[in-house]
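Step one of this worksheet: look at the structure below.
The values are calculated or read from the model by the stated rules, or taken from the named source; none is laboratory data. Bear in mind the structure is a predicted one, so any value in this text is a computation, not a measurement. Every residue, glycine as well, gets a Cβ built from its backbone with ideal geometry; the counts of neighbours run over all protein chains shown. Each accessible area value is taken on the protein alone, full model and side chains, heavy atoms only, with ligands, DNA and RNA left out. Shrake-Rupley method; radii C 1.70, N 1.55, O 1.52, S 1.80 Å.
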Amino acid sequence: MAQTIAIVDALKRALKEHGLTYQQVAEALSLSEASVKRLFSERQFSLKRLDQICGLMGLEISDLVRRLEPEPRIDQLTPEQEKELVSDNALLLIAICALNRWTLPQILENYTLDEPTIIRCLARLDRMGLVELLPGNRIKALISHDFHWLRNGPIQAFFESQVQADFFECRFNRPGELRLFLNGMLSTRNNDVMQQKLRRLALDFRHCHQEDLALPLDQRFGMSMMLAIRPWEVAVFRQFRRPHTQKVYPGHPPAR
């Protein structure tokens, strides 16, 4: 019975990932929505029904069973792997799409890359262990919920050199945009307090991202959030500072 429950739960997750509702399943099986809901609540599926529902998502029953097996998930890449990503803009784009659960048709619909190029990129990502390229060119991300880019690694360097300026080339006054800039004087203690709050906010962002991965692509939008806090003074003010008055944060060298 435990295996049956696990398979049905995996089936529910797969339907959610593919954006399929009980109503759509009912229409495809020529059943009422109430009948489909009863099948799931009672977990009474014949192999034929199970195969039909899997077929709606382009899956085999064996694909569903494989979802029950624990899989290794990676938390981060090696410096060499990150360097490989940033060395090829197409590869980096496909990696970002894959990690956000885009399908091959969705990538083709939204970008000018041709199918052979995308598949070559996916094969490279598969060899890196970032994704698994499944039959039918389906894409499965292999990252953990705690996946993060290397601190001061190639991806961060790429962001700082090519993305950061573009990100801030914006007035942040349209729907979905917000920029807050605050300035004040904090103690070491309250600086630590604010850093903890920012880390919790970053964790909330990550949880929202994971939750929304199950939604259809047309209900999700690329969002970026910048969080930062540091001892800092505007350069045009700093030039007037007397050397002996340049107070710095403990453990940090004076700004130059």
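Points to keep in mind about this one:
- Condition check for L133: part of a helix (DSSP H, G or I) and either surrounded by 13 or more Cβ atoms within 10 Å (Cβ to Cβ) or not acidic (D, E) (or both): no
- Counted residues, the range 159-170 - those being aromatic (F, W, Y) and closer than 24 Å to Q210 by Cα: 2
- Meets criteria (acidic (D, E), open to solvent by 50 Å² or more (accessible area, probe 1.4 Å) and not in a helix (DSSP H, G or I)) for E169: yes
- Qualifying position, being part of a helix (DSSP H, G or I) and free of Cβ contacts under 8 Å to residues at least 60 places away in the same chain, among F159, F181: F159
- Filtered by the rule that a residue be surrounded by 10 or more Cβ atoms within 10 Å (Cβ to Cβ) and either on the phi > 0 side of the Ramachandran plot or among the acidic types (D, E) (or both), the range 211-230 gives a lone residue, D212.
- If you go through the range 143-164 and keep only what is open to solvent by 80 Å² or more (accessible area, probe 1.4 Å) and aliphatic (A, V, I, L, M), you end up with nothing.
- Exactly one residue out of H252, H207 is at pLDDT below 85, under 30 Å from D63 (Cβ atoms) and exposed (fewer than 12 other Cβ atoms within 10 Å of the Cβ): that is H207.
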